[in-house]
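Engineer: Would you mind keeping the following structure in view while I ask a few things?
What follows is calculated from the coordinates using simple rules that are stated; it is not laboratory data. A quick note: this is a predicted structure, and the numbers were derived from the prediction, not measured. A quick note on method: Cβ atoms are made from the backbone with ideal geometry, for glycine too, and the neighbour counts reach across all protein chains shown.
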Amino acid sequence: MISCLILERPGRWRIIGLIVALSLCAAPYLPLLIQAGFEVGTLGNIFTDAFVRSLVNSFTVSILVAIVSYTVGLPLGVVPAVFQVRGHKALLALLALPLLLPSFLVAIGWSSLAAVAGEPIHSFINGRGGCVLVFSATGVPLAMLTAYIACASLTGSQLDAVRLSGGARAVLRYVFRYASAPTVLAAVLAAILSVSDPGPGQIFGVLTAGAEILTSVAALYDFTLAGQQCLTVGLLVLLIAAPLMLFTAPSFASSVLARQTRPVERLYHSRAELCGLFGLVVTLLILLAAPLLGLFLPLGNGVEVSRALEELRRTTGNTVLYAGLASGFCTCLALAIAFFIGRNHRLMIMAVVILSIIFVLPPSLGALGLLQAKSFLPGQLDPLAKSSFMVGGALALRLVPVAVVFALRSWGSTPRSSALAAAIQGVPFSRFVLRVLAPLMFRSVVIGGLLVALLATSDIVTVLFLHPPGESTLPLAIFTVMANAPESLVSTLCLLYVAGAGALLIGIAAMAPRRTA
Amino acid sequence: MNTRTGFEFRNVCKSFAVSRVLNDVSFALPDGQQTALIGASGCGKSTLLLLLAGLEAPDAGEILLDGRAISTPNEILVPPHERGVSMVFQDLALWPNLSALENVVLGLAGLRLARTEAQRRAHETLRICGIESLAGRRPGTLSGGEQQRVALARSLAHGPRFLFLDEPFAGLDGPTKFRLLTEIQQIARQKNMTLIVATHDLLEAASLCEHAIILDDGRANDVARIDDLIDKSSSPIFGSFREVLRSIQGG
């Protein structure tokens, strides 16, 4: 009989299991890295003027995105976490919507709004400014939610002590400092993710690294060149990300993944409430309402219901299938990783560092790596390699870090003595998991799974590179037709996608655990 | 030869990270003797209970039960559920999503009883602990004292030979605490159980046990009678206790 003690005992199997699981997550990126080792001499050939310019553009945009995300996201997350701000939950949920939308949808919205607005807004948006706006729509919510979650892991008594020593101002200073490191990490993550995203660059006519890689694959069919470009971007990203992850991972692990003992009792402060509310509403208007308005403007010329429904009918099955597979694989892998980590702080930091690095690598690097790995597989495995499982698996491996955060948080909220009590009473492991652990972790794990499903749906690069012929998803269909199809059709399709994502987001918000006193 | 000689610690050491919690601890806890582990907060009382229960393994030394080695360095030879022990944890460790009855029934899962028998036994133990009427309620809806009783019922239901109490009455008001102490003592006598109580409260220890081990700076003395310790022990805990007694008597 397996004892419940296994959940809490240390052992070499934990580190071995964790290394195996993390290696699996890193596996898609290895083929290109290995190839690069053999072709170091030819790597210099890819540095054409255009590619260098694209790198400069991408990294300039990403630096600006990091600055905007941190400076706007930190106060927006901190203030509603510790001060009473009416309606903050709904506003935070709405602000999280851009996280779940493919960035090119937001870019289309800004592009059509710019066309109506005229100069100088038109020139500002159709350039790096537009890219910064679009990527900030994901960067700001990511930083904001990280700051919010980090502050929510503070205990009521910690804040009471600070408050007694210096009032609301001291509390604010304390929580800003407390949430700062994980928020920096989130802002930089968002910025780095923007480097390999091809959508906004293509729409605004800015030469970006992501767009260059896409052109190499989709227009030139030069997979070797695309692989080398991906690798270059990946190595540059690693150069920035790895030291940062090492520096901020411990504070991320202790604040974002911490267990709360007594929830924070939000303070009432009229000026803080006003500032919080004002900040949230203005950010919402700029980052979500404006691009959505632009996105739906063409609907004024008519709604292409029948063609849109036809497209929807063609793609819904695949969209749901890929998202479901990704969510399922990802949740299982995340639970396994959480199980291997247990309550070992060192293993947790190691996993956070490695998973964060994997998360910021360009998705095209993993997708192209898998494409290359497919060519080495024996013919008998072809049906599997060219199936939906490959797409779902690739998306899962890419999004594991998201699910791991939820799995670790829910595991961290179950006290150690729970499993010890079961062990001492001789409760069989499977019975304990089914009766106690699974119900306690269910909600958090399901929310993580749904988020992964939504993020998988909004991923176009992995699906574009790996999907079986004709088995496209709705966002990929929009991305493919947006240049040639009538604007009203693109708008109708976008409306359908946003409505679907919004509905799922409401579902997630409804499932979110309630704070208890 | 008596095969039920109880627990024995032989030169046990235990560290967590860089701090050594127990340092070359040796003592014997005879069967049927109610013993208190007394020491200041953080002196290693809970660790000692976890080692006895088989929830942690020692770094050095060995632990014996009835003369047989049950834990050796970094190895748990006899798993917790085969040691005949039960434990009421400091945080009670109740499973929050289950009712009081379900907590007790799940605690019996290791005995592989028929469902009806498990239910009957759980109801019986809840009755003994005076909370049968609360069987359907979840821990979050119960008061501190009621939660203690549920934890106690879960520990008693499978008829353990040893019952470990890890600072179980912290946070309870005086009358509730002493009512529970009396009841536990009665139950322990009825069921012929050996009680081992970790506490820093001498009144609590003296109410439940005749013997005590003092833990100080990672080391433990031999088992002694609490009466003798109160009179003679040089430990700061007993020293301050004597002073309190003197000031009360003097006042």
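Engineer: Order by neighbour count: B:232, A:374, fewest other Cβ atoms within 10 Å first, most last.
Structural biologist: Listed from fewest to most nearby Cβ atoms, that is B:232, A:374.
Engineer: When the helices in chain B are scored as -39500 (n - 2.57) per DSSP H run of 4 or longer and the sum is shared across all residues, what 222 nm value do you end up with, to the nearest 500 deg cm²/dmol?
Structural biologist: Using -39500 (n - 2.57) per qualifying helix, the result is -11000 deg cm²/dmol.
Engineer: Over 28 Å between C-alpha atoms is what I'm after, so list which of B:45/B:177; B:45/B:232; B:191/B:232 land there.
Structural biologist: Beyond 28 Å: B:191/B:232.
Engineer: Would you calculate the separation in nanometres between label points at residue B:120 and residue A:381, each defined as 7 Å from the Cα along the Cα-to-beta-carbon direction?
Structural biologist: Distance between label points: 5.8 nm.
Engineer: So what is the relative contact order of chain B, in percent, for Cα pairs below 8 Å that sit 6 or more residues apart?
Structural biologist: Contact order relative to length: 25 percent.
Engineer: Evaluate the distance, in nm, between pseudo-label points positioned 7 Å from the Cα of residue A:170 and of residue A:374 along their respective Cα→Cβ axes.
Structural biologist: 6.1 nm
Engineer: Continuing with the same structure: So how far, in whole Å, is the C-alpha centre of region B:163-238 from the one of region A:440-462?
Structural biologist: Between the Cα centre of region B:163-238 and that of region A:440-462, the gap is 51 Å.
Engineer: Which residue, B:59, B:222, B:173, has the most motion in a Gaussian network model of chain B that connects Cα atoms within less than 10 Å?
Structural biologist: B:173
Engineer: Averaging sequence separations of C-alpha pairs under 8 Å and six or more residues apart, then dividing by the length of region A:50-295, give the relative contact order as a whole percent.
Structural biologist: Values: 365 pairs, mean separation 92.8, N = 246.
The normalised contact order for region A:50-295 reaches 38 percent.
Engineer: For the protein assembly as shown, how big is Rg over Rh, using alpha carbon atoms and the Kirkwood form of Rh?
Structural biologist: Expressed as Rg/Rh, it is 1.05.
Engineer: Could I ask something else about it? To the nearest Å, what is the center-to-center distance of region A:1-27 and region B:1-75, using C-alpha atoms only?
Structural biologist: Going from one Cα centre to the other spans 28 Å.
Engineer: Need the full-extension length gain, residue A:389 to residue A:299, defined as separation in residues times 0.36 nm minus the C-alpha distance. One decimal, nm.
Structural biologist: 28.8 nm
Engineer: Ignoring everything except DSSP H segments at least 4 long, calculate the 222 nm mean residue ellipticity for chain A; use -39,500 (n - 2.57) per segment, divide by total residues, nearest 500.
Structural biologist: Helix contribution divided over all residues of chain A: -25000 deg cm²/dmol.
Engineer: What does the charge dipole of the protein assembly as shown about its Cα centre add up to, to the nearest 20 debye, if the Cβ of each Lys and Arg holds +1 and the Cβ of each Asp and Glu holds -1?
Structural biologist: The dipole magnitude comes to about 1120 debye.
Engineer: Mind checking the mean number of beta-carbon atoms from other chains within 10 Å of the Cβ atoms in B:84-96?
Structural biologist: The per-residue average across the peptide is 5.
Engineer: Which value results for Rg/Rh of region A:79-158 when Rg is the Cα radius of gyration and Rh the Kirkwood radius based on the inverse mean 1/r?
Structural biologist: Radius of gyration over Kirkwood radius for region A:79-158 works out to 1.13.
Engineer: Is the shape of chain B best called rounded, prolate or oblate, per the rule: a/c under 1.5 gives rounded, else a/b larger than b/c gives prolate, else oblate, with a ≥ b ≥ c the square roots of the Cα gyration tensor eigenvalues?
Structural biologist: Oblate shape, in that a/c is at least 1.5 and b/c is the bigger or equal ratio.
Engineer: Just how large is the dipole of region A:50-295 about the Cα centre, in debye to the nearest 20, putting +1 at every Lys and Arg Cβ and -1 at every Asp and Glu Cβ?
Structural biologist: Value, rounded to 20: 860 debye.
Engineer: Using alpha carbon centroids, what distance separates region A:132-151 and region A:370-430, in Å?
Structural biologist: Region A:132-151 and region A:370-430 have Cα centres separated by 26 Å.
Engineer: Considering only DSSP beta bridges where both residues belong to the protein assembly as shown, give the percentage that are antiparallel (nearest 5).
Structural biologist: Around 55 percent of the beta bridges assigned by DSSP in the protein assembly as shown are antiparallel ones.
Engineer: For chain A, calculate the relative contact order in percent as a whole number, restricting contacts to Cα pairs under 8 Å that are 6 or more residues apart. Intermediate results must be reported in sequence, preceding the final value.
Structural biologist: Numbers: 757 pairs, mean separation 132.4, N = 517.
Value for chain A: 26 percent.
Engineer: Something else: Principal axis lengths of region A:50-295 from Cα atoms, whole Å, largest first?
Structural biologist: 64, 43, 23
Engineer: Moving to a separate point now. With chain B treated as a Gaussian network of Cα nodes joined by springs under 10 Å, which of B:205, B:17, B:40 yields the largest mean-square fluctuation?
Structural biologist: The residue that fluctuates most here is B:17.
Engineer: Which of B:30, B:175, B:58 moves the most in a Gaussian network model of chain B with Cα springs under 10 Å?
Structural biologist: Result for chain B, Cα springs under 10 Å: B:175 fluctuates most.
Engineer: If each Cα of region A:127-175 is one equal point scatterer, what is log10 of I(q)/I(0) from the Debye formula at q = 0.22, 0.31 Å⁻¹?
Structural biologist: Scattering profile of region A:127-175, log10 relative to I(0): -0.76, -1.04.
Engineer: Within a 10 angstrom radius of the beta carbon, how do B:95, A:13 rank from fewest other beta carbons to most? It would help to have the intermediate numbers written out before the result.
Structural biologist: On the way: B:95 24, A:13 11.
Ascending number of Cβ neighbours within 10 Å: A:13, B:95.
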